[in-house]
Amino acid sequence: MGSPMFKSWCWLIALCSAAPSIAAAVPSADSIFVDGQTIRVQASVEIDTVSRPRRWQFGWNLPGPDERRPIKQKAPNWNAVYGMGRMPLGGFSEGLDGFARGWPPVAGGLGWAQVMPRPGRRPWGFGWAVEFQGMALSDWVEALPDSLIGFLPNDAESVWAVTRQRFDIGVETDTVAVGLVRSNSFGWGAHALLRAEWFRGTPVTLSFGMERWNADRFHHRIVRPESLEPPVVTQVQPGGAWQPVMRVGIGGAWGGTRRRGVPGFAGRWAAETGLTWRPAEVHPISLRLQVTRSFGGRR
């Protein structure tokens, strides 16, 4: 029997000689052991950190489960240019323009609109519009007589000013032609709008914006001689400051080529009518007529 030191060295030598065979018998974590042979496998895992659930993409889908769903086709932007005119409701005969020419002061202009439609069978979307408009107004050429009691219509360029003077021998009534001069005022504005077609070819538009005119506009309210009211009341519609504007309109669209499966608004042409509210003006509610030529978003 040997010493304990000699036995320890024998065991150590035996373990070192058996280590290669043990390592060959136990495959590594990335290897396959077949029929005593080790097949090494180079494996890697890729994680897509960009992919997101479809509900957060530009499909306007409501929040729901995270499973994959098809993305709705994005509708093209609806771009359009339009011409419009407006006429205030009320004041046809009481205003100076309506009294002299037969209609109140009207405005007309041009605008550009863009809407980003929501995909779907009944398209709708939010957008914006900018527009420019002009208005012709009438004013007095000369000062009015002091004894003025009212007016009578004459023609588009003048009105009859009726005067009354009391003398010791009686009352004298006379008419004096007062000429009118035209002036032009210009305005521009920007609007946020909602456009929808819940019924095909019948667009509905809601908008809110701000509008500004280059100068003050004077509204002359006049009466006939038999009235007991003051003969002239002048009201100022301020210019040089922004004022709020709200509008609602409905119309009909036509002229588009229907393309199945392509979402968007119908028609290349549209005629719309609606009401506009301008709280800073003498007649805050006006009738609006509009003709639109669109360049996108049809189906």
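Short version: ³J(HN,Hα) in whole Hz for each residue of the stretch 234-245, in order, from phi by Karplus 6.51 cos²θ - 1.76 cosθ + 1.60 (θ = phi - 60°), x for Gly and Pro, what are they?
Computed from phi, the couplings for the stretch 234-245 are 9, 10, 10, 9, x, x, x, 9, 7, 10, x, 9 Hz.
Could you list which residues have their amide H under 5 Å from that of F265, counting only those 5 or more apart in sequence or on another chain, with H placed in the peptide plane?
Placed amide hydrogens put R298 under 5 Å from F265.
Net charge near G274, counting Lys/Arg +1 and Asp/Glu -1 over other residues with Cβ under 10 Å of its Cβ?
Summing Lys and Arg as +1 and Asp and Glu as -1 gives +2.
At 7 Å along the Cα-to-beta-carbon direction for both S158 and F199, put a label point, then send me their distance in nm to one decimal.
5.3 nm
If amide hydrogens are placed 1.01 Å from N in the peptide plane, which non-local residues have theirs closer than 5 Å to the one on A215?
Result for A215 returns F186, G240.
So what is the diffusion coefficient of the stretch 185-233 in µm² per second by Stokes-Einstein at 10 °C and 1.306 mPa s, using a Kirkwood Rh over Cα pairs?
Values: Rh = 15.1 Å.
Estimated via Stokes-Einstein, D reaches 105 µm²/s.
Just to confirm, what accessible area per residue do you get for the stretch 166-299 at 1.4 Å probe, in whole Å²?
Normalised by residue count, the accessible surface of the stretch 166-299 is 54 Å².
The values are calculated or read from the model by the stated rules, or taken from the named source; none is laboratory data. Because the structure is a prediction, the values reported are computed rather than measured. Counting neighbours? That spans all protein chains shown, and the Cβs are built from the backbone with ideal geometry, glycine included. With ligands, DNA and RNA removed, areas are computed over all heavy atoms of the protein, side chains included. Shrake-Rupley method; radii C 1.70, N 1.55, O 1.52, S 1.80 Å.
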